[in-house]
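Right, one structure below, let's go through it.
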Amino acid sequence: MTETERGGAGFDPAAAFDPAAAFDLATAQKGLDEQPFSRLLRARLTAFGDGGATLELDIREELLQQYGFVHGGVLSYAADNTLTFAAATALGPAIVTGGFSIQYLRPARGRTLRARAEVVHAGRRQAVCRCDLTVLDADGTERLCAVAQGTVLSLDGPAGNGPAGNGPAGGDPAGNGPAGGG
């Protein structure tokens, strides 16, 4: 895969989206796998489509903070990526996170972290999504540990101006989202 295909120099995610091509769970997982940080966390998409997405990762010692809970940064990563993948079901893959907020409800302890997001509203250029983050215990019991809400922006803005006239890529400078990396 070339640097351009991976989203490097000269990458135009809007031009890369072929609406006739299938954008399904397997394709979305490939997009997730292109993100080095997602590979580091060993994240996986377990559902994608119909206005929603689910991301899971196994909880292991490297993802904990000093009190033995899943680190808030890991929860934020899961919320950000899942919100963006849910939005991709409505806007296509050429998108970036515009912003999100997260509320931590209880310490995340368990075997698996699961983030489920759904599109609340989608227009032509942005989608608002919400996400529930839960942990699964060894017996399969699921407990809510955080909730998040975010806005995702389409990169299909005015030519060369990005979603909000913020330069060539616009949106999230970190490159989050299916097209940008998170």
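Could you please find all residues in the range 77-110 being closer than 27 Å to HIS121 by Cα, in a loop (DSSP other than H, G, I, E, B) and more than 12 Å from the chain's Cα centre (by Cα)?
Scanning the range 77-110 gives GLY92, ALA94, LEU105.
Given the conditions (1) in a loop (DSSP other than H, G, I, E, B); (2) more than 23 Å from CYS129 (Cα to Cα); (3) not β-branched (Val, Ile, Thr), and given that LEU40 satisfies all but one, which numbered condition is not satisfied?
(1)
Quick check, is ALA115 touching a Phe, Trp or Tyr at 6+ places or on another chain (Cβ under 8 Å), outside any loop (DSSP other than H, G, I, E, B), of a type in the set (Gly, Ala, Ser) and closer than 24 Å to ASP58 by Cβ?
Spelling it out, it is not the case that ALA115 is touching a Phe, Trp or Tyr at 6+ places or on another chain (Cβ under 8 Å), outside any loop (DSSP other than H, G, I, E, B), of a type in the set (Gly, Ala, Ser) and closer than 24 Å to ASP58 by Cβ.
So is PHE69 modelled with pLDDT of 95 or more and within 17 Å of VAL135 (Cα to Cα) or not?
Yes.
I'd like to know if the range 56-76 contains one or more residues that are in a helix (DSSP H, G or I), among the polar types (S, T, N, Q) and within 19 Å of SER38 (Cα to Cα).
Residues of the range 56-76 that are in a helix (DSSP H, G or I), as a first pass: 61-63, 72-76.
With the extra rule that they be among the polar types (S, T, N, Q), the set shrinks to 76.
Those still in the list that are within 19 Å of SER38 (Cα to Cα) too: 76.
Yes; the residues of the range 56-76 include at least one that is in a helix (DSSP H, G or I), among the polar types (S, T, N, Q) and within 19 Å of SER38 (Cα to Cα).
Sort out which residues of the range 36-75 are of a type in the set (S, T, N, Q), touching a residue at least 40 places away in the same chain (Cβ under 8 Å) and out of contact with any Ser or Thr (no Cβ under 7 Å at 6 or more places or on another chain), and write them in order of number.
SER38
The values are calculated or read from the model by the stated rules, or taken from the named source; none is laboratory data. Since we're looking at a predicted model, the values are computed, not measured. A quick note on method: Cβ atoms are made from the backbone with ideal geometry, for glycine too, and the neighbour counts reach across all protein chains shown.
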